[in-house]
Amino acid sequence: MMAKRILIFLEVYGIEKSTVYPETITKLNDFSGTLNVYSFEGKNLGSVAVTKGEAKNISEKQELDILTKAINLFSFSSNTTNRIPPCNTPYYQPMQFTIYWHTEVIVDNKVISYVLSNVTTETIVVETSYPCDAAPPEVARAYRYEIIGRSGGGSGTTPPLPDVVYTPPSCQSFNFSETASLWQTALVKNISFNIILLSEKGVTFIHSAKFRQPISFGMPKKHSVGGAPISAGMAAELSAKALQTTIREVVAKYGRVKVSEMIVEQYFKERLLYNYPLITSGGRVNWTATENLPVTDYETTFMLPDNCE
């Protein structure tokens, strides 16, 4: 017997003293309000009321029973919550990936275009975690990856494409604020990257390295050579470049290698600490942030304008 699947979208209304809707039904313990539920065809399916994480099907529509029960499973007051696997509990799942291979065409050290080189499909055993803490864009990216190779402008040939599962960091991840007269800092959480590894049995799988804690990126407000000012936007672009360089180095060293995830993540930390001051004119990375600043979520970009200046 095949279960019926219904795709829905929500219209959210919070009461005045409620926290903002957290964009996931798994974290509603501080939210109170009403969820108006619609099908993707635009049909109004009814409403679910939420009070501090506890849901009630106020429309008494059968279609909303599953949503109501799902919300209540994650309520702090639910005696079943402790039986739900934690969000970071790993498991392995075979997935079929469609991979779009692109080539950067570079002339005079500038990327002038992207050319679709190939489209391949590969089945890989993916290491993932229970999706209770995954944002919708993160889940969607699990099925399609854009992979970039490089081609010199005058060669007319395409070199072998790198074995990379990669979406470049976005400078929008970094919101720099002045923390001293000549210093600026940005705090970023959920920095992540994906890399194809080999298990002990030689099975390829994608490891998703994710650093959930806020990481402090600090940078001078002037270049060490020449004294030219470094704006907050330029600092964001330099930080994204340092992060991009580091991810590429990690993937180049450990892609499709039989190695533990811990070693991969430790190497990423070491290379970021090394690369960041070189690229950012003496900047520093602190893996334990102490500054009282707004924290931004890590974002990626692909073939889209990403100018923070």
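The values are calculated or read from the model by the stated rules, or taken from the named source; none is laboratory data. Because the structure is a prediction, the values reported are computed rather than measured. When we count neighbours, we look across all protein chains shown, and the Cβ atoms used for this are built from the backbone with ideal geometry, even at glycine. For accessibility, only protein heavy atoms count, side chains too; no ligands or nucleic acids. Shrake-Rupley method; radii C 1.70, N 1.55, O 1.52, S 1.80 Å.
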Cut-off under 5 Å, modelled amide H: who pairs with Leu45 long-range: Val37, Tyr38, Ser39
Taking N as its residue count, the alpha carbon Rg of the stretch 189-309 over 2.2 N^0.38 Å: 1.16
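About the Cα centre of the stretch 205-309, what is the dipole size in debye to 20, counting +1 per Lys and Arg Cβ and -1 per Asp and Glu Cβ, all else neutral?
With only Lys, Arg, Asp and Glu charged at Cβ, the dipole is about 340 debye.
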Carbon/sulfur fraction of accessible area - the stretch 213-272, other protein chains in place, 1.4 Å, %: 57 percent
Theoretical FRET efficiency, 1/(1+(r/R0)^6), r = Cβ-Cβ of Ala49 and Asp297, R0 25 Å, to 0.05: 0.30
Length-normalised contact order of the stretch 156-309 in % [C-alpha pairs under 8 Å, at least 6 apart]: 36 percent
